[in-house]
1. Taking the options Ile140, Ile129, name whichever one is in a helix (DSSP H, G or I), under 20 Å from Asn228 (Cβ atoms) and either modelled with pLDDT of 85 or more or assigned by TED's automatic domain parsing to the domain that holds Thr165 (or both).
2. Condition test on Ser36, is it in contact with an Asp or Glu (Cβ under 6 Å, 6 or more places away or on another chain), surrounded by 19 or more Cβ atoms within 10 Å (Cβ to Cβ) and over 30 Å from Ile168 (Cα atoms)?
3. With touching a residue at least 24 places away in the same chain (Cβ under 8 Å), outside the structural domain of Phe158 (by TED's automatic domain parsing) and out of contact with any Ser or Thr (no Cβ under 7 Å at 6 or more places or on another chain) as the only criterion, which of Leu26, Leu13, Leu22 stands out?
4. Quick one: would you say Thr70 is hydroxyl-bearing (Ser, Thr, Tyr) and touching a residue at least 40 places away in the same chain (Cβ under 8 Å)?
5. Consider Arg182 carefully, then state whether it is out of contact with any strand residue (DSSP E or B) (no Cβ under 9 Å at 6 or more places or on another chain), of a type in the set (D, E, K, R) and loosely packed, with under 13 Cβ neighbours inside 10 Å.
6. With respect to Thr90, is the statement that it is assigned to a loop (DSSP other than H, G, I, E, B) and hydroxyl-bearing (Ser, Thr, Tyr) true?
7. Looking only at the range 144-158, which residues are in contact with a Ser or Thr (Cβ under 8 Å, 6 or more places away or on another chain), modelled with pLDDT of 80 or more and either under 20 Å from Ser81 (Cβ atoms) or surrounded by fewer than 16 Cβ atoms within 10 Å (Cβ to Cβ) (or both)?
8. Here is a check on your reading of the model: is Tyr209 within 21 Å of Thr90 (Cα to Cα), more than 25 Å from the chain's Cα centre (by Cα) and part of a helix (DSSP H, G or I)?
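The values are calculated or read from the model by the stated rules, or taken from the named source; none is laboratory data. Computed from a prediction, not measured in an experiment: that's the story for all the values here. Please note: Cβ atoms are built from the backbone with ideal geometry, for glycine as well, and neighbour counts cover all protein chains shown.
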Amino acid sequence: MKPSLAIQAFLGLYILIFFVYLFGPLVIMSVTAFNSAEFPAITPWECFSFRWFNEGKIAYDGQRLAGLVTDRPLHEGIITSLIIAAGVVTLSVPIGMAAAIVLTQVNSRLRTLFYSMSIMPVLFPGVIIGISTVVLWDRIATLGGDGFISELGRNGIFLTILGQTCFISTYCFLIFVARLQRFDTTQEEAALDLGASQSQVFMKILVPYLMPAIGSSAVIAFLASFENYNTTVFSILSEQTLTTVIASKVRLGISPAISALALVIICLTLIGAFLYEISRRSNQRKKDRENKVKMFSEISGNRLVEERPKFFKIPKSIFVFLLLLILAVLTWQQLIKNNMYGAECIEKAEASKKSNFADQLKLLQQNAEGVETTDESEGNASRSKGYNDIFGDQNLFKDFGGFDSDKKEESENGATRSNEYNDIFSDPNLFKNFGGFDNKE
């Protein structure tokens, strides 16, 4: 193998591993949304079902598991997240655009300082931004009394919009700066020389030039607000967004309805990306066609005007679509063949789980009864054994109260004294030299 082919093979393998690592979890989560099991998993696979997109189910233990359509907290969280994202876009895009325009107008000596101050909110942790926003507006609400300011300062949606705008506006600022770096300022100068006002220059020259940046920054701000959690969890107060609802569900046990929601979001994202790409290519082809028509009209009679026959070209994306369609059809046939789809499969799986649950419940009851009986018998035996051990001790009252020890000591002392008296009076030389009268004799 040539070195160039080896490098290309290694590069292709690296790209494949990278995309598998990047999109593998999304594919797995999307597949788990169609498994009828109560916990999102690929194995063991029960039945192919759309229940987690609809009403959900009642588990075999009586627990209600809501689907994507019937999950009310999830719906409220989505609506709240959309409202917050719309507010963040409304504030972040004008702030970022204004900051970028000011950056191009300030003195070159102050430009670095202004740029550093503008991007500084991105460096702050989201937790700090959320807590500081709540503390600040709580003080403002306290000073405002019981009026409108007090209600506004304790509104979780309003605080979340302000907290997210602090750092999301920086993203918009960077997008506008990148766009303005390629702007030709001579257009503004020419318009001003021709008598246009500053507002006319802004609305008719600068804003049309910044329209791509406005659209990009609006999309980035919307997505950054919709998926934010660190700042939102502290500033939302009593309300709930999509991220906080999902976080609470994960703490209690993840539901397959979240996998269904993830699949819907992925599909919407892909559809939006495809529509944007189709629109962009359509506009580009339209511009190219107009340029060709203009060029041909200017050089009429030239050989470039001659139209060449157009051959129909099959787009490469159609092959990918056909491959995915064939795989989907084959997979569906295998599911039908193995009875892994339909009401019959679901009823069989539910009956099996109910039977297993009942067997486990009976086994637990039997084990509990056996443990209680064993504990009672062992308790009675240990108590009787304890009583026998206590009253069967011969030395139980041997030293009780101390009187036995006193009698023992008295008897021992008496025996000792009698032995001493016997030793004294049994000595034959006791009175031998007593008084000295034996010496006179």
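1. Numbers: Ile140 fails: under 20 Å from Asn228 (Cβ atoms).
Answer to the check: Ile129.
2. Taking the combined requirement at face value, the residue satisfies it.
3. Answer to the selection: Leu26.
4. On the way: hydroxyl-bearing (Ser, Thr, Tyr): yes; touching a residue at least 40 places away in the same chain (Cβ under 8 Å): no.
So Thr70 fails the test.
5. Details: out of contact with any strand residue (DSSP E or B) (no Cβ under 9 Å at 6 or more places or on another chain): yes; of a type in the set (D, E, K, R): yes; loosely packed, with under 13 Cβ neighbours inside 10 Å: yes.
Against the criterion (out of contact with any strand residue (DSSP E or B) (no Cβ under 9 Å at 6 or more places or on another chain), of a type in the set (D, E, K, R) and loosely packed, with under 13 Cβ neighbours inside 10 Å), Arg182 qualifies.
6. Values: assigned to a loop (DSSP other than H, G, I, E, B): no; hydroxyl-bearing (Ser, Thr, Tyr): yes.
Against the criterion (assigned to a loop (DSSP other than H, G, I, E, B) and hydroxyl-bearing (Ser, Thr, Tyr)), Thr90 does not qualify.
7. Within the range 144-158, Gly156, Ile157 meet the criteria.
8. Details: within 21 Å of Thr90 (Cα to Cα): yes; more than 25 Å from the chain's Cα centre (by Cα): yes; part of a helix (DSSP H, G or I): yes.
Taking the combined requirement at face value, the residue satisfies it.
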